[in-house]
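Here's the structure, in structure tokens; my notes come after.
The values are calculated or read from the model by the stated rules, or taken from the named source; none is laboratory data. On a predicted model such as this, the values are computed, not experimentally measured, just so you know. In this analysis, Cβ positions are derived from the backbone assuming ideal geometry, glycine residues included, and neighbour counts consider all displayed protein chains.
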Amino acid sequence: MAHVAVIGGGAFGTAMACVMQRAGHAAALWARESEVVAAIRESGENTAFLPGVRLASGIRASGDLGDVLTAAEIVLLAVPAQFLRAVAERMRPHIRAGTPVVSCAKGIERDSCALMPDVMAETIPQATVAVLSGPSFAKEIAVDLPTGVSIACGDARVGGNLVRMMGTSRFRTYLTDDVTGVALGGALKNVFAIASGIAAGKRLGDGARATLITRGLAEMTRLGISMGARMETFLGLSGVGDLALTCNALQSRNTSFGVAVGEGRDWRQLLRERKTVTEGQASVPAVLGLGRKYGIDLAIVRALDEILSRDAEVDLAISHLLAHPLGAEWAALSENE
């Protein structure tokens, strides 16, 4: 049995605390919201972010970050991407050298265009950084439905231990050393899910959505390879697996956000109405920045940026996307290999 600290009391962090508790470990969950801590202690339920879900028994909830991290042998960092740096900096004094810290955030830092493992390497350099991503919804994990994820770690020994310690018959874990690829796939699938949702909201048809998803995978792959990731990562759970799930499920915050935008809702008002973070929206400018940095044409991301950063009309952004030059399907990828 290991002592596991889960940092972040949202839906996914709470679900991962359930996973670790069921795997036979002692899970301690840190939440910023005092009401989340109180609800878990009093009722065994995260009424704010996972209402109606009975959590695995034995999870210890606390609002004291140092208290949760003191005895931690594994740390799961499950806060929104745009807040990860600030939380990691607070964690730094409490992390012992070599402690595995696993990012569960799926986003790219807006100001720096940094992936989450890069942010962690800067803020908690003494930690051994890993990334968890894959086709997974928090509620399904929390109620113990079968799920598969990739765990990426540059240290093969640590990564192997994480896979064995976190995996169960219902939470399937698969090891890779492609940290960049897994982190990028987890972030970009949220971006392309917004595009898929907009197509649904505009009633462009199932074929249009399938085309967007497939071309999104191509953009993801081209950018990833240019950043040193491997193509096979994007054909795995953290790539096409997560992309297919998120782009096709209305329970996805990013897809439902896109649907509402496609139906004509104001995106800023949508964000104000939401209690949870829509990671894809925050990541769009950063993804476009990475495309410019590495010389990769990201047509779908550019169209989203027109809508979400430049207030372009949805129909105009779609017309710009459809006017993108025709060409060989994988020519750009071949040039980057």
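So the values come out like this:
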| item | result |
| --- | --- |
| Conditions (1) assigned to a loop (DSSP other than H, G, I, E, B); (2) farther than 30 Å from residue 292 by Cα; (3) not acidic (Asp, Glu): number failed by residue 38 | (1) |
| Complete set of residues in the range 280-327 that are outside any loop (DSSP other than H, G, I, E, B), farther than 20 Å from residue 255 by Cα, free of Cβ contacts under 8 Å to residues at least 24 places away in the same chain and not aliphatic (A, V, I, L, M) | 292, 319, 320 |
| Residue match in the range 301-311 (condition: of a type outside the set (S, T, N, Q), within 18 Å of the chain's Cα centre (by Cα), more than 23 Å from residue 140 (Cα to Cα) and buried (at least 22 other Cβ atoms within 10 Å of the Cβ)) | yes |
| From the options 54, 92, 60, residue that is of a type outside the set (Phe, Trp, Tyr), in contact with a strand residue (DSSP E or B) (Cβ under 6 Å, 6 or more places away or on another chain) and farther than 17 Å from residue 279 by Cβ | 60 |
| Selection count, the range 133-165, where residues are touching a residue at least 24 places away in the same chain (Cβ under 8 Å) and more than 18 Å from the chain's Cα centre (by Cα) | 11 |
| Members of the range 245-270 that are in contact with a helix residue (DSSP H, G or I) (Cβ under 7 Å, 6 or more places away or on another chain), part of a helix (DSSP H, G or I) and among the aliphatic types (A, V, I, L, M) | 259, 260, 261, 270 |
| Residue within the range 120-127 that is under 30 Å from residue 156 (Cβ atoms), assigned by TED's automatic domain parsing to the domain that holds residue 164, more than 22 Å from the chain's Cα centre (by Cα) and hydrophobic (A, V, I, L, M, F, W, C) present | no |
| Segments classed as helices (runs of 4 or more DSSP H), wholly inside the range 105-203, with at least 2 members that are closer than 30 Å to residue 52 by Cβ and of a type in the set (Val, Ile, Thr) | 179-201 |
| Test: residue in the range 256-266 that is under 14 Å from the mean Cα position of the chain (by Cα) and either of a type outside the set (Val, Ile, Thr) or not assigned by TED's automatic domain parsing to the domain that holds residue 134 (or both) | no |
